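Peer 1: Just dropping this structure here.
A short reminder: the numbers here are calculations on the coordinates, not readings from a lab. What you see is a predicted model, and the numbers here were worked out from it, not measured in a lab. Cβ atoms come from the backbone with ideal geometry, glycine included; neighbour counts cover every protein chain shown.
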Amino acid sequence: MRKTHPRVMAYLGFLLTIPLGEVSVAPGFAWLTVTKVSFLLLLGVLAYSWIRGWRPVMPTRSVLVSMGLLVFGVCLSALCCGERGASLSYAIRIVALCMLCLATVSLSKEPGFLVKALGALAIAAFLCALLGIYQTSTGETLASLGQYGYFGRMIELCQAVEPGGVSVVRASAAFDHPNVLGTFLIGILPAALFFMLHRGSHQSRILSGGAAIAIIIALVYTFSRSAWLGGLVGVSLVVLPLRWSWSRIAGVVVGGLVLAVILLPPEAKQVLLNRTGTAQPYDSGRLYSWHTAGSMIAAHPLLGVGPGMFHHRYAAYADKSEVYKQNPLHHMDAHNTFLDLAAEGGLPVCLAFVALMVAALIHLVGAADLWQARGPTISLGIPLLAGCVAILSQSLLQSLQYEEIWWVLLALGLSLPAKQA
């Protein structure tokens, strides 16, 4: 077995720290998070390797053009925005995510890179799942993880609004919101199922199956219906090409769901039932967000209101009769990735992002070889495609353009040979 190069080790270390994007490295430096430090370390190692003669793999021209247009569009939108300083910070995040995509593709020729990257993500997802299960089961957390973001605490879901109603803590692990944990888990669940069926020794497959079950339990405990939808789509896309293994996949999924219900505190089971079978009183909030995003797009079709400015400009574009106009829970973002991009950055930014995503998905469909590969020759493109489409499904109900896991999976898909067996 070949030794893993330090630049690959730096990349794997970054993948393991993705869930720590809200955890600062030291008190008083909230802006300097563990994820940012590991990303800067990765860029430093790659730069040093380049100086020493390493030449990175580059993505296709269409991907580079789409990425360039996206970066140009968000930076121009931020510079033309009234809140230039705050908006530029969001534009820089998009630039950093594009750099992450390039860094991922650059390492694609390293020995065993794809398997190692998916393995690191599976480990991170498993650890997050365990923490999420602990949070919901006990109502507590470890090392204050999950107690930040807009609320500064873990988010609870109540069965009833009146005082004394039963409530349960939604699993968020180290992320700032349960929906974001859901995004991370549904992106990696297909890979865990894939490793359970097709990679490694018998013992490693058992461990992968255990990780998949833990991920499913934690996914239930996020109480994120958009993540549930994405998870269903992702698992279905794994079952479709692996149809001869559907019984094992179904057994893991059903087992995880049953365990989730069994492990849930008795008083919280009614909350789960209410969440799954009853329309929530705030569901109309998304409709208001979508309508307001449309108003922003109509008023600023080319440059938008500025990256990250949806929340700040919401009141100016919301309908006067909107009941949620003064409720910050319902207009932090557009609750749709593409509406959010178009409203904040303008239609050209949204189209550039769509072009980048389509290029990656088209490449993935070809690389996955859905109808030909079987058994040990099956393509790694299948779990990558399933993870990307799972997050794409959730993105119709959430704004996910800043989530690293989506960009990493798309970039790993671009790293596949066009016809990988």
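Peer 1: Net charge within 9 Å of M309 by Cβ-Cβ distance, Lys/Arg positive one each and Asp/Glu negative one each, not counting M309 itself?
Peer 2: Summing Lys/Arg as +1 and Asp/Glu as -1 gives -1.
Peer 1: Chymotrypsin sites (Phe, Trp or Tyr not before Pro) within region 23-58: which are DSSP loop residues with at most 12 other Cβ atoms inside 10 Å?
Peer 2: In loop regions of region 23-58 (DSSP not H, G, I, E or B), the sparsely surrounded chymotrypsin sites (Phe, Trp or Tyr not before Pro) are F29, W31.
Peer 1: Still on this structure: How many angstrom lie between the C-alpha centres of region 12-83 and region 90-120?
Peer 2: A separation of 9 Å, based on Cα centres.
Peer 1: Another question, then. Based solely on its DSSP helices, what 222 nm [θ] is calculated for the chain when runs of n ≥ 4 H residues each add -39,500 (n - 2.57) and the sum is averaged over all residues, nearest 500 deg cm²/dmol?
Peer 2: Helices in the chain give a 222 nm mean residue ellipticity of -21000 deg cm²/dmol.
Peer 1: Order by neighbour count: H5, H300, fewest other Cβ atoms within 10 Å first, most last.
Peer 2: H5, H300
Peer 1: Follow-up question, since we're still on this one. Work out which helices of the chain, taken as complete DSSP H runs, extend at least 24 Å along their axis over the Cα atoms and score a mean Kyte-Doolittle of 1.0 or more, then list them.
Peer 2: Taking the DSSP H segments of the chain (at least 24 Å long, mean hydropathy at least 1.0), we get 34-51, 61-79, 84-106, 113-138, 178-198, 202-221, 246-263, 347-368.
Peer 1: Moving to a separate point now. Looking at the chain, how many pairs of lysines come closer than 21 Å at the Cα, when each pair is eight or more places apart or spans two chains?
Peer 2: Lysine pairs meeting both conditions in the chain amount to 4.
Peer 1: With only Lys, Arg, Asp and Glu charged, each at its Cβ (+1 for the first two, -1 for the last two), find how big the charge dipole of the chain is about the Cα centre; round to the nearest 20 debye.
Peer 2: Numbers: 26 positive and 17 negative charges, 287 e Å.
For this selection, approximately 1380 debye.
Peer 1: List the residues, sorted by chain then number, that are 5 or more residues from L32 or on another chain and whose placed amide H is less than 5 Å from its amide H.
Peer 2: V25
Peer 1: What number comes out for the charge environment of A212, summing +1 per Lys or Arg and -1 per Asp or Glu over other residues with Cβ under 11 Å away?
Peer 2: +2
Peer 1: Give the order of I18, I51, I391 when sorted by the count of other beta carbons within 10 angstrom, beginning with the fewest.
Peer 2: I51, I18, I391
Peer 1: So, by mean Cβ neighbours within 10 angstrom, what's the order for 73-81, 93-101 with the highest one leading? Please list the in-between numbers first.
Peer 2: Values: 73-81: 22.6, 93-101: 19.7.
Peptide ranking by packing, descending: 73-81, 93-101.
Peer 1: Using modelled backbone amide H atoms (1.01 Å from N, in-plane), which distant-in-sequence or interchain residues come within less than 5 Å of E156's amide H?
Peer 2: The list, which skips near neighbours in sequence, is R170.
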